[in-house]
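Data block below; observations after.
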Amino acid sequence: MLLEIKNIKKTFGKEQVLKDITFSAEGGTCVGILGGNGCGKSTLLSILAGVLKPDGGSMILDGHDLFGTAEWHRHNVGYVPQGTPLLEELSAKDNLRLWYSDRKMKEELDGGVLAMLGIGEFLKVPVRRMSGGMKKRLSIGCAMSTLPPVLLMDEPCAALDLGCKGNILSYVETYKKRGGLVILTSHDEMELSTCDRWLLIKDGFISEYMYDGNIDNLVKSL
Amino acid sequence: MRRKKIVYAGLQLKRFFRLFPFVLIMSIVLCTAAGLALGKMIRDDRTSDQKKIMRIGIAGDTSNKHLQYGITAVQQTDVTQYSVEFVPLEEDEAKKEFDAGNIVSYVVIPEGFMEDAINGEVGKIKYVTSGGTVGFDTKITSELMKAVASLIFDAQRALHAVEEVAIDKGTEDYDLRVLAREGSYSLIDTIIRRSELFEVEEVGVSGSSSEESALVCGILVLFLLLWGITCCMILSVKDDAMSRVLYSKGVGPKTQVASEYFAYFLFMAATLVILTSAALLILRLTKAALPEAITVVLRSPVSVVFGLLLPILAISAMQFFLYEVVNGVVNGVLVQFLCAVGLGYISGCLYPAYFFPEAVQKVTSYLPAGAARLYLSGVVDGKPPLSGTLILLGYFALFLILSAAVRRARIKSE
């Protein structure tokens, strides 16, 4: 599986946030998008998720332009934004009902992606009583309803404790091993060490970055 | 995709009905408070020793001394619930004072009115009051009629008393007794025998419901306005992440808003219709000396309950829009409360509308709360106004379109 991002541009008002974003990534890898605050990381992810429309450019998955076919895009791209994309008053099961049919939910809970995320443990718990880690696992579970080959995650481990981060990142590893492509934005050392490649956005352009585990060097490059 | 939209609407409904126990407690508190306040207001109004002073301008030909006696008598009479103060004015002055709100209405007596009345002709009195003083004209007319009846009765008794005194004194003055008798006949001929002494030409009066039923409709609308606060826990706390994910999966802002509003409206309508029906049923069963205002509403409880649906449709759309604009429980409650009190105040839900200048009354009749109040008054009278229906439907559509636009802007924000 090959995802090609070509010449993506985006302007807000008079400010061109993304000037010419081009890169490609293969299945079974995790790509980390780096950059300072306000550099356009979340904007790029929103464009790739289909939330924002780019001023130009294309997103090609195995030869299909995902921006041109909405249904294809929805089926092949999972998106976990910052925040909690869940209905707080309802249980995990109710939230999953929005994305899964009853039969599919049962299958996935019995040994599929929902079982892997351990969602069965808190299926009847209302979201507002869940820990940050549970909420994030449930959010990923919702995003995985179509078993998409591409998973976009905007700072997936922000504000989580080490145990929760470990859970999320171990799922990312499993997803990669199954041939999935993860694109995540991050400032977090643990997340960065899970990535196989790093791309740095600066002044609206994207470039390869060799992350050596030294945060000080990264800070200097931002 | 269709399944997702239906499930989303269903889940929204489930979210709202999770709130039901909280809403039930809050509604009992609100209903009790509103019921006590209304009961006290009406009871005070009926039993108060302190009478309301109503200043009425009187213009035109008041030169006739009998008419002046009559005006003085009405002013001094004690049969009315209201103290009426007639202010002699020229017609132009009366109009200015009325527009300034210094007098509640004015009467114009045509030239030669009394002479025409004595000659058996029915004169036409022009009576000017504002559209907002619903029921005021009938109240004043009935009070004046009571006073006139009392005056005629007393005049008749006086004439008989004169005759009796003359007989007791053994006077042989035939002329005095004949004079008293002729006076009686004259009174009967010119006044009592005639069913109509004058006609009233009402200018600018609209609406036929009583002031008290208008007050009840006002309180119902205020209740609707405040009711939105009960859903603050669901609607004011927002995380755009959910909207963004839904959007990325093909559930756009219009569908999101429509589903959420549908659930909100159903919840509001169901709880309000249940509570109003229960309240009306209890009032009907108790049958205990109910104020006129309540009995007016009780005459057609089913139409009143169903009549609430259109105001709920428009007002809940407005509340939904306000929740869409703000974020956080404190902000949400504050905005809803200020909006409810502000709109309720100028729309005549707290005080009768005629307390405000005519220009304000005209504007507020086009505002959501004012239009809802006038529509409900129409429902109580069995004549829901078409204009009110259209205004409320217009607000419903407008607020939903605005809500969808705000939601779209939030999803697309940087």
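Per-residue answers, yes or no, for (1) of a type in the set (S, T, N, Q); (2) outside the structural domain of B:L220 (by TED's automatic domain parsing); (3) over 18 Å from B:V221 (Cα atoms); (4) modelled with pLDDT of 85 or more:
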{"site": "B:G342", "(1), (2), (3), (4)": "no, no, no, yes"}
{"site": "B:Q361", "(1), (2), (3), (4)": "yes, no, no, no"}
{"site": "B:A372", "(1), (2), (3), (4)": "no, no, no, yes"}
{"site": "B:Y375", "(1), (2), (3), (4)": "no, no, no, yes"}
{"site": "B:I391", "(1), (2), (3), (4)": "no, no, no, yes"}
{"site": "B:G394", "(1), (2), (3), (4)": "no, no, no, yes"}
{"site": "B:L400", "(1), (2), (3), (4)": "no, no, yes, yes"}
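B:P368 satisfies every condition listed in (1) within 30 Å of B:I411 (Cβ to Cβ); (2) surrounded by fewer than 24 Cβ atoms within 10 Å (Cβ to Cβ) except (2).
Matching residues to (1) within 16 Å of A:L45 (Cβ to Cβ); (2) of a type in the set (D, E); (3) in contact with a Phe, Trp or Tyr (Cβ under 6 Å, 6 or more places away or on another chain):
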{"site": "A:L169", "(1), (2), (3)": "no, no, no"}
{"site": "A:V172", "(1), (2), (3)": "yes, no, no"}
{"site": "A:K176", "(1), (2), (3)": "no, no, no"}
{"site": "A:I183", "(1), (2), (3)": "yes, no, no"}
{"site": "A:S186", "(1), (2), (3)": "yes, no, no"}
{"site": "A:E189", "(1), (2), (3)": "no, yes, no"}
{"site": "A:D196", "(1), (2), (3)": "no, yes, no"}
{"site": "A:L200", "(1), (2), (3)": "yes, no, yes"}
{"site": "A:G204", "(1), (2), (3)": "yes, no, no"}
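Touching a residue at least 40 places away in the same chain (Cβ under 8 Å) and surrounded by fewer than 20 Cβ atoms within 10 Å (Cβ to Cβ): does that describe A:G40? No: the conditions fail for A:G40. Taking region B:313-359 as the range and being part of a loop (DSSP other than H, G, I, E, B), surrounded by 15 or more Cβ atoms within 10 Å (Cβ to Cβ) and among the hydrophobic types (A, V, I, L, M, F, W, C) as the test, the residues that pass are B:V326, B:C349, B:F356. Residues in region A:204-214 that are under 22 Å from the mean Cα position of the chain (by Cα) and outside any strand (DSSP E or B): A:G204, A:M210, A:Y211, A:G213. Condition check for A:L138 on (1) surrounded by fewer than 20 Cβ atoms within 10 Å (Cβ to Cβ); (2) within 17 Å of A:P81 (Cα to Cα); (3) within 14 Å of chain B (Cβ to nearest Cβ): one failure, at (1). Would you say A:K93 is buried (at least 20 other Cβ atoms within 10 Å of the Cβ), charged (D, E, K, R) and either more than 28 Å from A:V219 (Cβ to Cβ) or within 14 Å of chain B (Cβ to nearest Cβ) (or both)? Here the answer is no, as A:K93 does not meet what is asked. Within region B:235-263, the set of residues being polar (S, T, N, Q), within 15 Å of A:L98 (Cα to Cα) and either more than 10 Å from every other protein chain (Cβ to nearest Cβ) or surrounded by fewer than 18 Cβ atoms within 10 Å (Cβ to Cβ) (or both) comprises B:T255, B:Q256, B:S259.
Do you know which of the residues in region A:61-75 that are surrounded by 14 or more Cβ atoms within 10 Å (Cβ to Cβ) and more than 12 Å from chain B (Cβ to nearest Cβ) is farthest from A:V125 (Cα to Cα)? Ranking the qualifying residues of region A:61-75, first place goes to A:D65. Just one residue in the set A:G83, A:G78, A:G50, A:G38 is over 20 Å from A:E191 (Cβ atoms), within 19 Å of the chain's Cα centre (by Cα) and within 10 Å of chain B (Cβ to nearest Cβ); that residue is A:G50.
State yes or no: is A:C30 touching a residue at least 40 places away in the same chain (Cβ under 8 Å) and under 22 Å from A:P85 (Cβ atoms)? So A:C30 passes the test. Among the candidates A:K136, A:K176, A:K165, the residue that is basic (K, R), under 12 Å from the mean Cα position of the chain (by Cα) and either modelled with pLDDT of 90 or more or not in a loop (DSSP other than H, G, I, E, B) (or both) is uniquely A:K136.
Residue count for region B:8-32 satisfying the condition of being within 10 Å of chain A (Cβ to nearest Cβ), modelled with pLDDT of 85 or more and surrounded by 17 or more Cβ atoms within 10 Å (Cβ to Cβ): 5. Checking each residue in region B:384-414 for being away from chain A (no Cβ under 14 Å), part of a loop (DSSP other than H, G, I, E, B) and either closer than 21 Å to B:F262 by Cβ or free of Cβ contacts under 8 Å to residues at least 12 places away in the same chain (or both) picks out only B:P385. If you filter region A:46-60 down to residues that are β-branched (V, I, T) and outside any loop (DSSP other than H, G, I, E, B), you find that the one that is surrounded by the fewest Cβ atoms within 10 Å (Cβ to Cβ) is A:I60. State whether one or more residues within region A:157-164 are within 12 Å of A:G78 (Cβ to Cβ) and crowded, with 22+ Cβ neighbours inside 10 Å. No, region A:157-164 has no match at all. If you check A:S101, A:S58 for being among the small types (G, A, S) and within 11 Å of another protein chain (Cβ to nearest Cβ), only one passes: A:S101.
The values are calculated or read from the model by the stated rules, or taken from the named source; none is laboratory data. Here the structure is a predicted model, which means the values were calculated and not measured. All Cβ positions, even for glycine, are placed from backbone atoms using ideal geometry, and neighbour counts span all protein chains on display.
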